[in-house]
Each structure stands twice: as C-alpha cells, then as structure tokens.
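The values are calculated or read from the model by the stated rules, or taken from the named source; none is laboratory data. Here the structure is a predicted model, which means the values were calculated and not measured. Don't worry about glycine lacking a Cβ; one is built from the backbone with ideal geometry, like all the others, and counts go over all protein chains shown. Accessible surface is based on the protein model in full, side chains and every heavy atom, while ligands, DNA and RNA are left aside. Shrake-Rupley method; radii C 1.70, N 1.55, O 1.52, S 1.80 Å.
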Amino acid sequence: MKIISVVGARPNFMKIAPFIKAIIRHTESNQSSIEHILVHTGQHYDVRMSEAFFSALSIPDPDINLEIGSGSHAEQLGYTMIAFEKVLMDQKPDWVVVVGDVNATLACSVVAKRLNINVCHIEAGLRSNDMSMPEEVNRLVTDRISDLLLTPDRLSMENLRREGTPECKIRFVGNIMIDTLDANIAKASGLSIGSI
C-alpha cells in the first residue's frame, strides 16, 4: 500500500509526527509493507515555522516539498492544487492522508478525490459553526469528501453523524495531539525557561 500524507502549516507538523511513527512501527513489525511519502506544501516555510518543528518532533524530512509559500487563500489553494495534482499523477498512491484544517488540507483532499484516490482525514468532525473562519470551510469540505474520518472525540463523531456522514466512514481514534504531547513530555520537562 502506498500512502501520501500532507502537511502544510505548523499545526499539521504536530499532528503528523505520531502518524508517521505509527507507520514506521507497523512496517518494522512486518505486519505489512506501507510505502509512505510525506509531502510538505510549504505553506509555512520559515525555519522557525517549519524546520524547527521537524527537528524537535523527529519528523523525517519531507520526500517532496511543493514550496507554495505565502499568498492569499485563493493563491495558496490554487498553487497547491496544481502542484499536488502532478505529485499524485506521478506517485499514484492508494490513500492521501490530510490532517487538521489548513489550506493544504482542503486543496490536497479535493485534488485526490478528483483523481479517485481515497482520502483519510485525521482530526475530522471538529466544528466551530463559524463560517467566517476559513478553517471551518476547510473542515466541512474535507470531511464531506473523505472516505475515512478519524475523529479526536465523541462530539466530533456526533457532528459528522448529524451532517449525514455514513457510520462506516467514521472512526473514533482519540486526539493525536495527545500522542505528540506524550512523546515529548520528558523532553519538555527538561527545558529551562531561559532556553526557550
């Protein structure tokens, strides 16, 4: 199985770290072979907003960096969709995994579905019910077109059910940010205020 996971902005980095570690553990235990490709859209590209998180969270360097950079929401979405379509045409994955609610989440899920590739959304079902938030639009569209919705809590499951999502697509997995916290709590405890 080939999986492409996508990150674009700082919140994504904290969510993808435990997912990648789980894939590595799964493959090392010889349960089955998973070819994993990490795509960074480059929405956050500054060292302090990107590379520092990859290093601190022990995330492997991205296999592909789309280098989208900053711009308006429309520019980021459009440039990401154009660049990511080329990646999908070349790599032909079985699944695309998106996390959270940033522009990369929306853009890459839409392109994957247009190419009939399965989409998994980690942190599905979160709602603010504030349509003036770009993130809320990203969440709603991504959840609507995803094939597998991994929810962080029971409320998110209820949100998806209320919106008519078939039960077979919803899986309660817990909050992946807690996995990141657990993996880094010893390191964080060793920090002094002056070193931050």
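Structure values in brief
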| item | result |
| --- | --- |
| Members of the range 146-158 found to be out of contact with any strand residue (DSSP E or B) (no Cβ under 6 Å at 6 or more places or on another chain) and crowded, with 19+ Cβ neighbours inside 10 Å, listed by number | PRO152, SER156 |
| Residue count for the range 1-24, restricted to those that are in a loop (DSSP other than H, G, I, E, B) and under 9 Å from the mean Cα position of the chain (by Cα) | 1 |
| Candidate set from the range 18-32 (those that are touching a helix residue (DSSP H, G or I) at 6+ places or on another chain (Cβ under 8 Å) and at pLDDT 85 or above); member that is surrounded by the fewest Cβ atoms within 10 Å (Cβ to Cβ) | LYS21 |
| Residue match in the range 88-96 (condition: over 12 Å from ILE4 (Cβ atoms) and crowded, with 16+ Cβ neighbours inside 10 Å) | no |
| Pairs, first free of Cβ contacts under 8 Å to residues at least 40 places away in the same chain and among the charged types (D, E, K, R) in the range 71-84, second open to solvent by less than 40 Å² (accessible area, probe 1.4 Å) and in a helix (DSSP H, G or I), C-beta under 7 Å, six or more apart | none |
| Unique match (being modelled with pLDDT of 95 or more and assigned to a helix (DSSP H, G or I)) among LEU150, LEU155, LEU126 | LEU155 |
| Tally of residues being open to solvent by 80 Å² or more (accessible area, probe 1.4 Å) and either among the charged types (D, E, K, R) or not in a helix (DSSP H, G or I) (or both) across the range 64-79 | 3 |
| ASN116 being in a loop (DSSP other than H, G, I, E, B), within 22 Å of HIS36 (Cβ to Cβ) and free of Cβ contacts under 8 Å to residues at least 24 places away in the same chain | yes |
| Test: residue in the range 109-120 that is open to solvent by less than 30 Å² (accessible area, probe 1.4 Å) and at positive phi | no |
| Some residue of the range 54-63 being modelled with pLDDT of 95 or more, in a helix (DSSP H, G or I), in contact with a helix residue (DSSP H, G or I) (Cβ under 8 Å, 6 or more places away or on another chain) and surrounded by fewer than 22 Cβ atoms within 10 Å (Cβ to Cβ) | no |
| Where a residue in the range 11-29 is on the phi < 0 side of the Ramachandran plot and in contact (Cβ under 8 Å) with a residue 12 or more places away in the chain and its partner, wherever it lies, is hydroxyl-bearing (Ser, Thr, Tyr) and part of a helix (DSSP H, G or I), with Cβ under 8 Å and at least six apart | ASN12/THR105; MET14/THR180; LYS15/THR180; ALA17/THR180; PRO18/THR180 |
